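For reference, the structure is listed below as structure tokens.
The values are calculated or read from the model by the stated rules, or taken from the named source; none is laboratory data. What you are looking at is a predicted structure, and each value in this text was computed from that prediction instead of being measured. Because the Cβ atoms are built from the backbone with ideal geometry, glycine has one as well, and the counts that use them run over all protein chains shown.
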């Protein structure tokens, strides 16, 4: 039930439907917090589920034992949204609502992974294998193993990356991890804080690209690199602007752009002073 409510909340637009999403997040996060307490301590005290603040305090108590690599305090924006009553408070401003919903989405996924590392798909397959005759086991295993093998491969995978600068003390130098096919829990590249930072992916030859997908860092601060300008082309010196992104995006709600043309270079840049931090830049034929 908690998962169902959270999944419905995730599908709502935080900029215009945050009031509808708030009670769904409130019930879902309370249930997940209690599940986390049960997983760590074996039981849930009645006081731990009295209200949202009590559930959050209980989550703080067991958080160190959940082995989540992110500080619970980084989800503070989401906690404030849970505390507000949608019937007694005015609708939050759009940027704040988006940040709060993203924080709650990420918190839910962190807790779910910590208390049950298997996905729902894994659990269903495991259950089926327990009760199904052995003769259908190979079929079930094939259904589990084949999708990852046939998943589309990024055309940018392990291609050459150039960055305006590299903050080597906090990210892998050179930016190569932004095309390694992995959505890091933190990020794959980070520039210094500077004027007009940029990251350039070289596909190394003209390649037909149907869409470009950009995944934000996974540890918060989703709007720090905004606005972000995406440019593509066959020549690094004469790129055209595809889109300017000024709305926050994340790893589970990435920034997707349709192209349908041959290109060689993909450049993302921030106009003005600031920095760029991303987890992955991917390109697909369709």
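Remarks
- The single residue among 154, 164 that is in contact with a helix residue (DSSP H, G or I) (Cβ under 9 Å, 6 or more places away or on another chain) and at pLDDT 85 or above turns out to be 154.
- Set 259, 268: member being assigned by TED's automatic domain parsing to the domain that holds residue 197, free of Cβ contacts under 8 Å to residues at least 60 places away in the same chain and either crowded, with 16+ Cβ neighbours inside 10 Å or touching a helix residue (DSSP H, G or I) at 6+ places or on another chain (Cβ under 7 Å) (or both): 259
- In this structure, residue 46 does not qualify as over 17 Å from residue 113 (Cα atoms), surrounded by 15 or more Cβ atoms within 10 Å (Cβ to Cβ) and free of Cβ contacts under 8 Å to residues at least 24 places away in the same chain.
- Taking segment 71-98 as the range and being assigned to a loop (DSSP other than H, G, I, E, B) and at pLDDT 80 or above as the test, only 71 passes.
- Breaking point among (1) more than 22 Å from the chain's Cα centre (by Cα); (2) surrounded by fewer than 20 Cβ atoms within 10 Å (Cβ to Cβ), for residue 13: (1)
- Condition met for residue 213 (assigned to a loop (DSSP other than H, G, I, E, B) and either assigned by TED's automatic domain parsing to the domain that holds residue 75 or touching a strand residue (DSSP E or B) at 6+ places or on another chain (Cβ under 8 Å) (or both)): no
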